[in-house]
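Okay, so here's the structure we're looking at.
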Amino acid sequence: MTSQIRDTVTIAVVDGIPIQKLQWDRLAEPYFKEVEARAGRALTEEEKAILRKNVFQELVRERLWVADAKRRGFTATEGELDTRLQRNDFFKTAGKFDPAKFRAFKYSPETNYRLIVEQVRNAVLLDKYVAWMRTRYAVPESELRKEFQSRTAQAALRYLWLTPDAVSIEPQADAGRIRAYYEAHPEEFQSPEEARLTYIRVPLEAAGHSDSLRSAVELQARMAAKVLLAAIQAGRSAETVAKEYGGFQDTGVFRVGDPVRGLGRSDALVEAIKAARPKQWLPEPLRFGTFFIIARLEEHREPKARPFRDVVGLAKRRADAELRVAEGDSLARVDYAARPEHYRVPRLRAMVLARGTASFVDSRPVADRDVSRALERIRKSSGMSDTAHAWADSILKSLPDLVRKERELDQAFRVLGDAASRLRRGEGPEEVARRFAMTLDPVTLYRGQPPERPLLLEGSLLDSLYAMSPGTVVGPRVLRDSVFVARVIERNDRFQPPYEAVRQQALAEVEAKRRETMERAARSWFEGHRDRYATPQRWAFDYVLFRKMKADSAPVPEDSIRVYYETHKPEFIVPARARVRHVLIGFRPGSGPGARSAARVKALDVLRRAKAGEDFETLAKEYSDDRGSAAKGGDLGEITRGQVVKEFGDAAFALRPGELSPVVETQFGFHVIRMEGTTPERLRTLDDSRAEIRGVLGESLVDTHASQAAWAFARSAGGPGARFEELAKAHGGMAASGPVAPGETALGIGPIPELKERIASLAKRRNRPSRTWSWRSGARSRIRSTRRSGAI
């Protein structure tokens, strides 16, 4: 301390207590250095401004507390002032407090004691005020421990991230139902049957197009394969045999029944695998395309039940489906019971009298004129010319049989026509069937009923019968190998089929009702919240784009590059780097009060062993809790001071190569550090930094050029009589945007910030001849049209 005042400039006054520049410097300078050390680089002007604000707020806070201490009646005695001053190293001689030196300073008129005594008094009051607040607002130790445990407690969580589209609003099975489904359907959760083969391919020789030759070649290849298989089973080396045919082939593991890689699918192969045992040759060669194989079963994995945890997703999906089917079925049954008339259908009881077409025989010989008539009839119906002899020759042989068949059908229709007439006149079906040697088949069906056996009543004929009155006779008709007539005996239009018969219809009705209910609810919501679904107002505009040149192509003067380099050298400092190894002994604060002490003891033991000559890399691999570096012998690679926490960086960068640090504590635990080597801090040369500086200065330069051109255009376009289109030609022409709403991206331009506000400002100046605006440096535009917002 001297009697000269280094700096008495007052930069602020808080409640009558000044903040002097000297006090500012004493607090700010070490604070800035600490932050720079942590960052490992020079601070930007923006960062420095934030730090200055932090320092100023701290000085203001201290003075507010001192002022409050004075209002509360806190005082500082002369003894307390002396005790505070005596802490200063200025009053020490040979490292000990010197009373004579202190008295000389206090009572000498030449010292600045009287100037600083008020600052000392404020410091004493501040200490008292802080102590008072700690006492007044102190939290009991028990509450501190409880809060500490709650904040440091650790837990392991397993979670599943579900987005809204993955959450179903349908009924879902609970855990018990999922497990029950899994246990009730074990066959659905079996692992697939799998196998693996090794095999030898025996190819077939090319056999041309002759069927007999192909059969001979196939037989020869099969016999050759059988001979090879017999030789292997007799003890010949399979590897030796395989070499003659290109070696062993391996299918890899495949699902039994699926196509096999390199072979394809074969039912014979599936059967052979099921009958064989692992490491056993299949008993017969198998044909695949252009080769036979002799194969050995290497592995055969039988299906087995998969653990519940492996199939819980599939089990849930199927249990959900079962639950939803059951719920739908329940609702369908309720609907079926509540609306029986909706499910009523007509039921029909009829008699079918039939006779096989083969039972009608016409013994008359087929004359040539009959064949000619048939041929002529077919030719005309087919549209063939009478000179198409080749066509006629191809069907001529079959015409006699066709004529006989037509005669038999004519006879059948005459007979059954007579039977139909008798039925219409009221003769009993049993008597008519006996008279004409016909079978009698009673049929009872309701609309939609699946027949239990093949019937002659089907399709459109059956549909028409449901609308016919009792006593109606239809026929004769021919179906397949029968000719028949049918008589309606009874028709019930109000028959209600059993639920199972109309189950699908009832389920569809329930689903339609559910969908209708949801649609009504959705429409009600929509009508009540129409404003949420209004389409936004959009604007279309014409614009001129002033493109910026690339920053690295801008004509930046060399002098500007040099000046920037000289005035911003901290930006081009490459920080010092060090390559270090470390052993980390970590601990969890929540593990108990002894965890920290135990970790420190363990770290001290590692340090002792390292100093005793044990290999540091081995110690790191064995003891370090930093799994990332432990496997590499604790090697962290090259680091800068700013890449690590302050305590680690201070300790590491204080070491020389090969030197070990004391045990260092950080937020991660205790470290033992060994320095491997260092690279000192260096300043990049101007040549090395030139491209970077050119980019920085060039960006500003091209922004300025584009902005100036755009603003000049805007002034011209806003002038009296200016034509936007004509002015735009000098700058590459005018472009037109599509309709754009706030927040949307304009094609060819990108997002336009504050679109609505900018257009609103133009709307207030409708009397201007040209309404233009800019939304970023280098672009100018005018409104072309506006599309109002409206509800969807």
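The values are calculated or read from the model by the stated rules, or taken from the named source; none is laboratory data. From a predicted model like this one, the values you see are computed outputs, not experimental measurements. A quick note on method: Cβ atoms are made from the backbone with ideal geometry, for glycine too, and the neighbour counts reach across all protein chains shown.
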- Query: Hey, does the range 666-681 have a residue that's surrounded by 15 or more Cβ atoms within 10 Å (Cβ to Cβ), assigned by TED's automatic domain parsing to the domain that holds ARG581, among the acidic types (Asp, Glu) and farther than 26 Å from SER597 by Cβ?
  - Reply: yes
- The condition from (1) outside the structural domain of PRO662 (by TED's automatic domain parsing); (2) at pLDDT 90 or above; (3) not small (Gly, Ala, Ser) that TYR543 misses is numbered (2)
- Query: What single numbered condition from (1) assigned to a loop (DSSP other than H, G, I, E, B); (2) free of Cβ contacts under 8 Å to residues at least 24 places away in the same chain; (3) in contact with a Leu (Cβ under 9 Å, 6 or more places away or on another chain); (4) over 11 Å from LEU197 (Cα atoms) fails to hold for PRO278?
  - Reply: (4)
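Here is a yes/no grid of residues against (1) at pLDDT 75 or above; (2) farther than 30 Å from GLY471 by Cα; (3) acidic (Asp, Glu):
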position: ALA367; (1), (2), (3): yes, yes, no
position: VAL371; (1), (2), (3): no, yes, no
position: MET384; (1), (2), (3): no, yes, no
position: LEU402; (1), (2), (3): yes, yes, no
position: LEU416; (1), (2), (3): yes, no, no
- Task: Name the single residue, out of those in the range 144-169 being surrounded by fewer than 10 Cβ atoms within 10 Å (Cβ to Cβ) and of a type in the set (D, E, K, R), that is farthest from GLU322 (Cα to Cα).
- Result: ARG151
- Item | Hey, PRO497 loosely packed, with under 15 Cβ neighbours inside 10 Å and either assigned to a loop (DSSP other than H, G, I, E, B) or modelled with pLDDT under 90 (or both) or not | no
- Query: Quick check, is LEU697 buried (at least 16 other Cβ atoms within 10 Å of the Cβ) and more than 45 Å from the chain's Cα centre (by Cα)?
  - Reply: no
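How many residues, within the range 165-219, are hydroxyl-bearing (Ser, Thr, Tyr), in a helix (DSSP H, G or I) and closer than 30 Å to ASP329 by Cα?
So in the range 165-219, the residues hydroxyl-bearing (Ser, Thr, Tyr) come out as 168, 181-182, 191, 198-199, 210, 212, 215.
Okay, now just the ones that are also in a helix (DSSP H, G or I), so 181-182, 212, 215.
Remaining after also requiring closer than 30 Å to ASP329 by Cα: 181-182.
Total meeting the criteria: 2.
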- Looking at the range 600-702, what helices (runs of 4 or more DSSP H) fall wholly within it and have at least 1 residues that are among the aromatic types (Phe, Trp, Tyr)? 616-623, 646-652
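A quick yes/no check of all residues on (1) exposed (fewer than 15 other Cβ atoms within 10 Å of the Cβ); (2) in a helix (DSSP H, G or I):
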| position | (1), (2) |
| --- | --- |
| LEU43 | no, no |
| LYS48 | no, yes |
| LEU51 | no, yes |
| VAL55 | no, yes |
| VAL66 | no, yes |
| ALA69 | no, yes |
| THR75 | yes, no |
| ASP82 | yes, yes |
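Would it be correct to say that LEU423 is assigned by TED's automatic domain parsing to the domain that holds ALA486, within 12 Å of MET351 (Cα to Cα) and in contact with a Lys or Arg (Cβ under 7 Å, 6 or more places away or on another chain)? Working first, answer last.
Working: assigned by TED's automatic domain parsing to the domain that holds ALA486: yes; within 12 Å of MET351 (Cα to Cα): yes; in contact with a Lys or Arg (Cβ under 7 Å, 6 or more places away or on another chain): yes.
Yes; evaluated as a whole, the condition is true for this residue.
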- Conditions (1) crowded, with 16+ Cβ neighbours inside 10 Å; (2) touching a helix residue (DSSP H, G or I) at 6+ places or on another chain (Cβ under 9 Å) -> LEU607 fails only (2)
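Can you tell me which of ALA268, ALA276, ALA272 is surrounded by fewer than 17 Cβ atoms within 10 Å (Cβ to Cβ) and either assigned by TED's automatic domain parsing to the domain that holds GLU205 or out of contact with any Asp or Glu (no Cβ under 9 Å at 6 or more places or on another chain) (or both)? Spell out the reasoning first.
Values: ALA276 fails: surrounded by fewer than 17 Cβ atoms within 10 Å (Cβ to Cβ); ALA272 fails: surrounded by fewer than 17 Cβ atoms within 10 Å (Cβ to Cβ).
Answer to the check: ALA268.
For the range 504-542, which positions are surrounded by 15 or more Cβ atoms within 10 Å (Cβ to Cβ) and either part of a helix (DSSP H, G or I) or of a type outside the set (S, T, N, Q) (or both)?
Taking the range 504-542 first, the residues surrounded by 15 or more Cβ atoms within 10 Å (Cβ to Cβ) are 505-507, 509-510, 536-542.
Listed by number, the residues that qualify are GLN505, ALA506, LEU507, GLU509, VAL510, PRO536, ARG538, TRP539, ALA540, PHE541, ASP542.
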